[in-house]
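Right, one structure below, let's go through it.
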Amino acid sequence: MWAQAELRKVLGTMGARVAEGEIAVGTIVGTTGCARMVEGVVVGKRYDDPDTWTSFTCAAYNSKGFCTMQVPVQNYDGPHWYFELDGTNSDGKRDHGEVEVGADEYNIFGIGAVYPGRPGEPVEYAEGYGR
């Protein structure tokens, strides 16, 4: 655990101030890892089933603002299809990562296909992935 003086020193370098007796909680968000994949060779495919779950929400409150009755709510998250790509990210750098695609794309592009391809043209396969 950091002593308050050390915490002040670190946060001070980020332009923050810590008053006596306060607890500072922060998150440092880096700029790396935020780029998304935009194109590349499909090296893997993943399907994520639809999910359903129940959560509860308050339906009635008392005069003090406390919940007195909860009702169940059915939630649904549909299916998802992903390609694992070796290629280029949105920063224009070589990268390896996942991109979510639609069901049609998932079924059209095989392992070794160049994604996203050209509209209206046959799927092109990278060298060494023959079809």
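The values are calculated or read from the model by the stated rules, or taken from the named source; none is laboratory data. What you are looking at is a predicted structure, and each value in this text was computed from that prediction instead of being measured. We place every Cβ from the backbone using ideal geometry, glycine too, and count neighbours over all the protein chains shown.
Quick notes
- Neighbours by Cβ (under 9 Å, 6+ apart or cross-chain): first from region 69-84, in contact (Cβ under 8 Å) with a residue 40 or more places away in the chain; second part of a strand (DSSP E or B) and among the aromatic types (F, W, Y): F83/Y115
- Those residues of region 106-122 which are of a type outside the set (G, A, S) and in contact with an Asp or Glu (Cβ under 7 Å, 6 or more places away or on another chain), in sequence order: V114, Y115, P116
- Counting only residues that are exposed (fewer than 12 other Cβ atoms within 10 Å of the Cβ) and in a strand (DSSP E or B), region 71-94 holds 8 of them.
- Within region 14-70, the set of residues being part of a loop (DSSP other than H, G, I, E, B), in contact with a helix residue (DSSP H, G or I) (Cβ under 9 Å, 6 or more places away or on another chain) and at pLDDT 50 or above is empty.
- Identity of the residue in region 40-68, touching a residue at least 60 places away in the same chain (Cβ under 8 Å) and not β-branched (V, I, T), that ends up surrounded by the fewest Cβ atoms within 10 Å (Cβ to Cβ): G44
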